[in-house]
Amino acid sequence: MTETPNLFRPTQGFMGVPNSLDLTGAKAAILGLPFDCGTNQVRIGARHGPSAIRQQSLALDRRLFGFSERDAIADLGLVDCGDAVVTSGWVDASFEAMEQATAHILKAGAVPVTFGGDGAVTLPQLRAMKARYTDLAVLHFDAHTDAFPIGEERHNTATTFTCAAEEGLIDTRSSFHIGCRGPVSQSGLAEFSDGLGYRIIDMDALAGDGLVQMAAIREELKDRPVYICWDMDFFDASCAPGVCEPTWGGPTAYEGLALLRSLTGLKIVGVDINTVCPPLDPADMTAHLAATVALNALHMISMVQED
């Protein structure tokens with residue numbers, strides 16, 4: 001399908017897959033969303049995340065030891081659509097471009113696996129999802145709820161899930177913020193998020209029995225379309241320092257990947273990995289971990305689609 005080439009900019013392919021808008025036979029497709037609002041006072045640069053994740057993906061092998069011996073990349077007929085054509089800081093036009101680019105993949109019947117960009121890139125993707133799924137549930141892995149009260153600026157990284165709730169894009173009562181912790185700019189955020197319908201599994205609860213809670217979510221959401229939003233600051237800052245807002249006290253890489261894998265079996269219709277900030281990422285370790293999250297998610301998608 002090549003009817004909307006103006007929406008995409010060619011890039012290096014994730015794990016060396018073809019960079020193409022022809023989604024014939026593809027069950028999943030990579031999309032870069034190189035956008036950030038540019039409002040963070042000291043940590044701007046998530047717009048460079050997609051290229052860094054793709055570059056680090058070249059160091060990965062296709063199979064996952066002890067989890068999946070299949071070649072999920074080949075099984076899915078994975079292609080890389082390149083980057084949506086956006087301009088950081090230009091919210092309205094960029095959001096429209098990201099929504100249309102996501103919709104292009106969905107119309108082809110493929111699962112979009114996207115690389116941000118900051119946390120604001122999730123909202124246009126959810127707008128595209130709404131046109132296809134009326135009962136979408138979101139699992140939002142993040143140190144923050146991104147569901148803050150809306151102030152003078154409606155669209156920023158803190159209001160993504162507030163806007164999603166107000167616009168009726170998702171089933172908030174079946175959606176979870178997972179891993180919340182750390183310093184916040186205002187009080188009452190948990191109560192505000194609860195008022196929007198979301199459920200919170202904060203880091204204290206997750207550290208206690210995270211795998212048990214993931215099993216309960218998997219049972220509750222079986223047969224439902226599920227969108228996974230994975231903000232890389234969900235991980236502890238010791239293993240993901242190159243993010244827009246690193247937050248201590250989170251899961252290790254092993255723990256985070258184990259939580260993700262425990263959701264295998266869900267009907268995943270979208271994966272959104274965001275907030276890699278390459279200018280602040282020593283040894284590209286956060287980008288490499290983000291590429292690993294993507295590979296794990298692709299295996300999970302492949303395992304369900306084959307069944």
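Table for the structure above
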| item | result |
| --- | --- |
| Residues (open to solvent by less than 10 Å² (accessible area, probe 1.4 Å) and more than 18 Å from L136 (Cβ to Cβ)) located in the range 105-117 | F115, G116, G117 |
| Identity of the residue in the range 215-252, more than 25 Å from D36 (Cα to Cα) and either β-branched (V, I, T) or not in a loop (DSSP other than H, G, I, E, B) (or both), that ends up most open to solvent (accessible area, probe 1.4 Å) | E219 |
| Matching entry among A283, A290 (being crowded, with 23+ Cβ neighbours inside 10 Å, at pLDDT 95 or above and part of a helix (DSSP H, G or I)) | A290 |
| Residue in the range 199-214 that is nearest to D284 (Cα to Cα), counting only those that are open to solvent by 10 Å² or more (accessible area, probe 1.4 Å) and small (G, A, S) | A207 |
| Residue within the range 151-160 that is surrounded by 14 or more Cβ atoms within 10 Å (Cβ to Cβ), of a type in the set (A, V, I, L, M, F, W, C), out of contact with any Cys (no Cβ under 6 Å at 6 or more places or on another chain) and within 26 Å of A131 (Cα to Cα) present | yes |
| Residue within the range 26-47 that is assigned to a loop (DSSP other than H, G, I, E, B), under 17 Å from N296 (Cα atoms) and among the aliphatic types (A, V, I, L, M) present | no |
| Flag for L298 being assigned to a loop (DSSP other than H, G, I, E, B), of a type outside the set (S, T, N, Q), open to solvent by less than 10 Å² (accessible area, probe 1.4 Å) and out of contact with any His (no Cβ under 8 Å at 6 or more places or on another chain) | no |
| Condition met for A72 (in contact (Cβ under 8 Å) with a residue 40 or more places away in the chain and within 25 Å of H155 (Cα to Cα)) | no |
| The range 277-291 residues that are touching a residue at least 40 places away in the same chain (Cβ under 8 Å) and within 20 Å of C37 (Cβ to Cβ), paired with ones that are of a type in the set (A, V, I, L, M, F, W, C) and part of a loop (DSSP other than H, G, I, E, B) (beta carbon under 6 Å, 6 or more apart) | C277/C244; T286/A240 |
| Every residue from the range 136-156 that is in contact with a Leu (Cβ under 8 Å, 6 or more places away or on another chain) and of a type in the set (S, T, N, Q) | T145 |
| Total residues in the range 272-288, condition polar (S, T, N, Q) and at positive phi | 1 |
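The values are calculated or read from the model by the stated rules, or taken from the named source; none is laboratory data. Keep in mind that what you see is a predicted model, and the values were worked out from it rather than measured. Cβ coordinates were reconstructed from backbone atoms using ideal geometry, including for glycine residues, and neighbour counts include every protein chain displayed. What goes into the accessible areas is simple: the full protein's heavy atoms, side chains included, and nothing from ligands, DNA or RNA. Shrake-Rupley method; radii C 1.70, N 1.55, O 1.52, S 1.80 Å.
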